[in-house]
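What follows is one structure encoded as structure tokens, with my remarks underneath.
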Amino acid sequence: MSKVFSKNRIITLFSTLLLIVAWKVVSLVYQSEFILPSPESTLISTFKIILSDNFFPAIGLTVLRGIIGLAASFILGVGLGILAGTNETFNAFLKPILVTIRSTPVISLILLALIWFKVDMVPIFIAFLTMFPFICTNVIDGIKNVDKELVQMAKTYRISHWRIIREVYLPAITPFVFSGASSAMGFGWRAIIIGEVLSQPKYGIGTFMQSAQTFLLVNEVIAWTVIAVIISYIFEVIIRKIEQHIVVWN
Amino acid sequence: MLLKIRNLNKSYQENKLFENFNIEIKENTISCILGPSGCGKTTLLNIINHTVNADSAILEGFENKIISYIFQEPRLLPWKTVKENISFVIKNLDIKEETVDKYIRLVELEKFANYYPSKLSGGMRQRVSIARAFAYPSDIILMDEPLKALDIKLKLNLIKSFKRIWQFDKRTVVFVTHDIDEALLLGNEIFVFSKAPVIIKDKFTLSSSFSDFTLEKPEMISLKKQILKIMD
């Protein structure tokens, strides 16, 4: 087991190194910091950004927007998902709404949000609309996959409807909720940053990416990208850890 | 007292399972219903449990009776421990927590009270479902071939567990099976069902001396032969 694990780690390390080497080679070919800066100059830019005064307000506010968007999507997604999963009429009502939100291009949502909301609200609104359908759809699928025999057992023992939802449905959909939250976060992050690029709140990763791009500071654009990827990864790990902590019965 | 089902009629499309069918079940005994697969044994349990509606039937003595069910599969909630699975059905019923411990002891799972079902063997899980059925303050326990998926050794252990707990707390049990040995080891009364539409081919009342978990006694062997002949 540990042999396989270490072998996989070596492969992961190798593929990361390969990516960096390829990056270095291409940057040597172009020889231009304005097109593709080298990995080392990007690394220096990353450290400069981390040490700058703007770093913590930028990542703090972007993360806060992500958390607010995720929390709102989570509460509404789980609530409406349970209703739709247990009630076919409500499911028929909700389905076209979810499909419409999911199929609307993110850029259309941003353009409309720019008209409707203050700049700080735009990324949160976009994050919510990107993440909510994911979580809601996963909850509906989760409810439909709940072992009907367990529900029948609970009904035979005259367990109340409310307790069946709380003690049978909710734990059964927990793994679905986490996998929905995990994929939603991946898309949500990208949407938040696009929202920040276009709405330009005072602080935010997207705001600083946009100003770096305006001044053709490509190394800073990549440095902010690397920071965004790392934060996204940290969130993914946190979601997995919470899942492991809650889903202890497997 | 007798629980009576009279003039039961039930069809699935063209397939008539019961046609003016009658049966009387003695209270506080274990009644085994022995019959071929697909003859309508489970449907009968579901009609008693009100999860399936009969086309027409008169049920006497079932009014206000509380029912617990031991299913073919244990149907335990994977996210609850052994103890929590049993507590789940008696919560809000004004029953003391010690009751749960008592039934866990009776099925000899004290050491596993805090285990999740995924950590238990198939036989242990079914023992939990027996404890759950008894912990629930039911008048009738319905059992739908709960020993089907177990090997012979586990089957015998489970029958012993069940008998021990039943001796301690006698309820009306309706046990459905297609296995003659299970019926002989467990039942006080055995009803032999025909294929659908069901008629009761014969009924046997077993003396209590039979309940010593052996099929080797001459009386048992001759009874088994007799039932086999009827089932053919």
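Just so it is clear, none of the values below were taken in a lab; they were calculated from the coordinates. Since the structure is predicted, the reported quantities are computational estimates derived from the model, not experimental observations. Quick reminder, even Gly has a Cβ in these numbers, built from the backbone with ideal geometry, and neighbours come from all protein chains shown.
Quick notes on this one:
- For the stretch B:24-101, the convex hull spanned by the alpha carbon atoms encloses 159 Å³ per residue.
- Straight-distance candidates among the lysines for linking to A:Lys118, with alpha-carbon spacing under 22 Å and chain neighbours fewer than 8 residues away dropped: A:Lys202.
- Scattering curve values for the stretch A:162-204, log₁₀ I(q)/I(0), Debye with Cα scatterers, q = 0.30, 0.34 Å⁻¹: -0.93, -1.00
- 5 Å-binned pair-distance histogram of the stretch B:1-46 (Cα, whole percent): 5, 18, 27, 27, 15, 6, 2, 0
- Computed lengthening from A:Trp23 to A:Asn87, 0.36 nm per intervening residue step minus Cα-Cα distance: 17.8 nm
- Simple Cβ-charge dipole of chain B, Lys/Arg +1 and Asp/Glu -1, about Cα centre, in debye nearest 20: 400 debye
- Euclidean distance of C-alpha centroids, the stretch B:48-62 and the stretch B:115-154, integer Å: 25 Å
- Förster radius 60 Å - calculated FRET efficiency between B:Val52 and A:Val237 (Cβ-Cβ, nearest 0.05): 0.75
- 222 nm mean residue ellipticity, helices alone, for chain B (DSSP H n ≥ 4; -39,500 (n - 2.57); rounded to 500): -10500 deg cm²/dmol
- Per-residue HN-Hα couplings for the stretch A:67-76 [Karplus 6.51, -1.76, 1.60; θ = phi - 60°; Hz; x = Gly/Pro]: 5, 4, x, 5, 4, 5, 5, 5, 5, 5
- Once the gyration tensor of the Cα atoms in the stretch B:91-151 is diagonalised, the equivalent ellipsoid follows with semi-axes of 20, 16, 9 Å, ordered largest first.
- Listed pairs B:Lys16/B:Lys148; B:Lys4/B:Lys96; B:Lys10/B:Lys224; B:Lys195/B:Lys224; A:Lys148/B:Lys201; B:Lys153/B:Lys217 exceeding 23 Å between Cα atoms: B:Lys16/B:Lys148; B:Lys4/B:Lys96; B:Lys10/B:Lys224; A:Lys148/B:Lys201
- DSSP-defined beta bridges in the protein assembly as shown - what % are antiparallel, rounded to 5: 50 percent
- Distance (nanometres) between label positions extended 7 Å along Cα→Cβ at A:Asn145 and A:Tyr30: 4.2 nm
- Where the alpha-carbon atoms of the protein assembly as shown are placed on the principal axes, they occupy 98, 51, 45 Å, in descending order.
- The share of alpha-carbon pairs in chain A lying farther apart than 28 Å comes to 48%.
- Over all directions, the projected convex hull of the C-alpha atoms in the stretch A:1-98 averages 12.5 nm² in area.
- Relative frequency of Cα-Cα separations exceeding 27 Å in chain B, percent: 35 percent
- Between B:Asp139 and B:Ser194, residue separation times 0.36 nm minus the direct Cα-Cα distance comes to 17.0 nm.
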